[in-house]
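The structure under discussion appears below in the form of structure tokens.
The values are calculated or read from the model by the stated rules, or taken from the named source; none is laboratory data. What you see is a predicted model, and the numbers here were worked out from it, not measured in a lab. Glycine gets a Cβ as well: all are built from the backbone with ideal geometry, and neighbour counts include every protein chain shown. Quick note on the areas: whole protein, heavy atoms, side chains included, nothing else; ligands and nucleic acids left out. Shrake-Rupley method; radii C 1.70, N 1.55, O 1.52, S 1.80 Å.
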Amino acid sequence: MNWIEAIGYLGTALTIAASAMSTMIPLRIISLCASCAVATYGFLIGSMPVVLTECIQIPFNAYRLWEMVRLVRDTEAAAAGNLSLEWLTPFGSKRRFGTGQTVFRKGDPADELYYVESGVFLIPEVGVEIRRGGIVGELGLLSPGNTRTASLICLQAGRALRISYSEVKQLYYQNPEFGFYFLKLTSERLFNSVKGGDRVAAGDAL
């Protein structure tokens, strides 16, 4: 076996190793290394289809790696600082609500959280208004039964970012470090609500 074949075998070994990984950041790193090794091997043996395939994969893996590293960094910063969930915006879908529209009612299944971007929303059971930058619903992911404990009504037409629990769970499974900081963040928001009797924070338990 010569050194060119050794590079090819290295690329194969790294590709197999990446396929066996369950967490996203190590998987992307090993995938990038595998693509570099296989592309080099393809270039040395004069196989341009192999080189082209790997060169297409490298930017995708690099972007996904950067996205996940940024997510963990932003989640950690939020858990240590202002407890904001604004960093979840790339993973949600925007929805517009008209004045008087009911977003959800007490007793409804809880399967998403909302990040308010504009307008004013009301939790009628406790008389709490949620404005721009407010979060409603993230603690429903952790509550028994996953049902709403109060309603949410749009007082002034606006827009909110809808982020499904399934998306949050997917991010958690892909990167346990994200899950740790998200759990820490939601726990701190809950404890702050209980300790301070903050009525606005109480809306986060919906």
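Screening the stretch 23-33 for residues that are open to solvent by less than 70 Å² (accessible area, probe 1.4 Å) and of a type in the set (Val, Ile, Thr) and picking the one that is nearest to PRO90 (Cα to Cα) gives ILE25. Output yes when any residue across the stretch 34-43 is surrounded by 14 or more Cβ atoms within 10 Å (Cβ to Cβ), in contact with a Pro (Cβ under 9 Å, 6 or more places away or on another chain) and farther than 30 Å from LEU183 by Cα, and no when none is. Yes, there is a match, as at least one residue in the stretch 34-43 is surrounded by 14 or more Cβ atoms within 10 Å (Cβ to Cβ), in contact with a Pro (Cβ under 9 Å, 6 or more places away or on another chain) and farther than 30 Å from LEU183 by Cα.
Please tell me if ARG105 is of a type in the set (Lys, Arg), within 23 Å of PHE180 (Cα to Cα) and out of contact with any Phe, Trp or Tyr (no Cβ under 7 Å at 6 or more places or on another chain).
No; evaluated as a whole, the condition is false for this residue.
Residues are listed down the side, and each one gets a yes or a no for (1) modelled with pLDDT under 80; (2) of a type in the set (Lys, Arg):
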position: MET68; (1), (2): no, no
position: TRP87; (1), (2): yes, no
position: VAL103; (1), (2): no, no
position: LYS106; (1), (2): no, yes
position: GLN156; (1), (2): no, no
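Just the residues that are at pLDDT 85 or above, of a type outside the set (Gly, Ala, Ser) and out of contact with any Cys (no Cβ under 6 Å at 6 or more places or on another chain), please, taken from the stretch 10-27. Listed by number, the residues that qualify are LEU10, THR12, THR15, ILE16, PRO26, LEU27.
Give me the strands (runs of 3 or more DSSP E) completely within the stretch 51-165, filtered to those with at least 1 residues that are of a type outside the set (Phe, Trp, Tyr) and open to solvent by less than 10 Å² (accessible area, probe 1.4 Å), ordered by residue number. Working first, answer last.
On the way: elements: 93-97, 102-104, 112-123, 128-130, 152-164.
Qualifying strands (runs of 3 or more DSSP E): 112-123, 128-130, 152-164.
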